[in-house]
Amino acid sequence: MRRRRLLHAILATSTLSAAALVTAAGPAAATGETTLTADPMKTWQTDGIVWSVAYAKGVVYVGGTFDHIRPPGAAAGTDEVARKNFAAFDAVTGEPLDCAPAFTGGSNTIRAMKASPDGDVLYIGGSFSQVKGIGRSNTAALNTSDCTLRSAWKPTVSSTVRAIDVTSDTVYIGGGFGTVQGQTRQRVAALTYSGTLLPFKATITGSSVTNDPTPSVNAITVAPELNKVIVGGRFTSVNGSWLTVHALVGLNATTGKTVNNFTGWIPSRSSVKALVNDGTNFYLGAEGSGGGVFDGRIAGKLSDGSMKWKDTCLGATQTVVPYKGVLYSGSHAHDCKNTPGGFTDIGNRQHLLGQSINDKTILAWFPDTNDGLGEKIGPRSMAMAGDILWVGGEFTTVNEKPQQGLTRFPASPDTGAPQVPILSGTSSAKGKVTLSWKASWDRDDGVLTYKIYRDGVYLTSLDQDSRYWNRPNMSYTDTVDPGSTHRYSLLVTDGTNDSGKNGPVYVTALN
Ligand SMILES: [Ca+2]
């Protein structure tokens, strides 16, 4: 929550002993990003997997494979309200809205949603044949003003739609299909808002993943001001070019001709699962299968297609969202030892991460989900709704409490207090009392402040950076009258919330 602080600032204000000055896992170079909180707001739940979250005009739309929603706190199977693969919620209150068309047929699933830039139309893709009983072929659009099905948008798409991005006049779709409107469009196509197929055409073939031979476009992000579309997925050839293109390509947004090859960015047995851009950079998440694969995130420059950074965390990334200098992602990261601020294999899967867009440092933001249902890899989709991050996926817990399918994290308030440290004290020299404890940790603050009280009166405080996998031992030596006995207690604060006092411990100084 608190801005990343420079190490020298911590040292300058700290009275720590030399041993405790060692920085935990924190950033060596810092640019001062502030993260969201790691404290989830009350959020409705689904009884299945959320594959897509989108935002338009104060409403969060949720699509996936589910039959019901239920209130926050409700156990599975209780207080359920019917929603067939689609639900809409007030982005601020989180309450469900009446907009609830049922998506049925096909494989009964929504896999992609994106609103038009003006928020008037929500484009939806997946595997379905009917919306509210009206025929649609794997894609549909809703008018957001009244939740009516947009009558003009009814293209025929031959297979599942897995990715959508929208400009002010064009809708780009990607997926596993081979034809759109009966015309050959291999894995990617562009249409007008009224469903007219545009000449944009790229031939995307081959599978980059040996255990799934079907090529697919999984992610699309469009930069209209550069007339460029970046497409990611599971493929090995684009427009007839083998070897130079693998799972990621930049295309001319009008013609579909290749403009960026990104050669060598994505290794074999790896595919791209998520793409998004902020007008300057684009960001991707990748998933590999087997050894030597790429599971992490890349930031690249939209204008020239050059790489800004790449992290090499293991634990496939399914979704990425940039917001105020931080790249939020959903993955099941379990080894980030080569990424600043990261962790070695800690026998744990960290399902949500926040990274500096400037230098890829993993920031102190560690809300977490479990693996959950389905493929059991936790989060699948994210969207910012105002300053609230909505997360959907396969999970059934958030921060170790029951919460299925959906959750959300606000910019404030920070409500989570650090864990109470266990304090011990001893005297090994005349008039000296040494207090010792192990650093605590907090889900959204790296540097915590430890306040020491002697005989109920505040004595001093120490700052220490820590992470849940790296909690340094800390100590403080007090000087008192030889032979005197004192009562010590300790609390730790993240600047907003304190842990409550630990102790007291009584220590008699040597005489
Ligand atoms: Ca906190």
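The values are calculated or read from the model by the stated rules, or taken from the named source; none is laboratory data. Owing to the predicted nature of the structure, the values given are computational and were not obtained by experimental measurement. For neighbour counting, all protein chains shown are included, and Cβ atoms are generated from backbone atoms with ideal geometry for every residue, glycine included. Please note that ligands, DNA and RNA were not included when accessible areas were found on the heavy atoms of the full protein model with its side chains. Shrake-Rupley method; radii C 1.70, N 1.55, O 1.52, S 1.80 Å.
Return, ordered by residue number, the residues of the stretch 150-172 whose backbone nitrogen is under 16 Å from a label point located 7 Å along Cα→Cβ of Leu97. Residues passing the 16 Å test: 150. With K and R counted +1 and D and E -1, the other residues having a Cβ less than 13 Å from that of Ser151 yield a net charge of +3. Run a plain Debye calculation on the chain (Cα atoms as equal point scatterers, no solvent) and give log10 I(q)/I(0) at q = 0.07, 0.09 Å⁻¹, rounded to two decimals, same order as the q list. Reported log10 I(q)/I(0), two decimals: -0.42, -0.65. Modelled this way, with points 7 Å down the Cα-to-C-beta line, the labels at Leu459 and Asn252 are 7.4 nm from one another. The aspartates and glutamates whose alpha-carbon is closer than 12 Å to the alpha-carbon of Lys401, local same-chain residues fewer than 8 away aside, are Asp39, Asp368. Using a probe radius of 1.4 angstrom, the carbon and sulfur fraction of the accessible surface of the chain is 50%. The figure for Asp98 is an accessible area of roughly 150 square angstrom, using a 1.4 Å probe on the protein chains alone.
Need the full-extension length gain, Ala74 to Thr203, defined as separation in residues times 0.36 nm minus the C-alpha distance. One decimal, nm.
41.7 nm
Distance between the modelled labels on Lys401 and Thr148, one decimal in nanometres: 4.2 nm (7 Å Cα→Cβ projection). If you plug the beta carbon distance of Lys132 and Asp498 into 1/(1 + (r/R0)^6) with R0 = 60 Å, you get a FRET efficiency near 0.70. Once you order the gyration tensor axes a ≥ b ≥ c over the Cα atoms, which shape class does the stretch 116-197 get: rounded for a/c under 1.5, otherwise prolate or oblate by comparing a/b with b/c? It comes out oblate by the Cα gyration axes.
Approximating the spin labels as points 7 Å out from Cα along Cα→Cβ, the Ser412-to-Arg487 distance works out to 3.6 nm. Accessible surface area normalised per residue over the stretch 167-286 is 35 Å², counting heavy atoms of protein chains with a 1.4 Å rolling probe.
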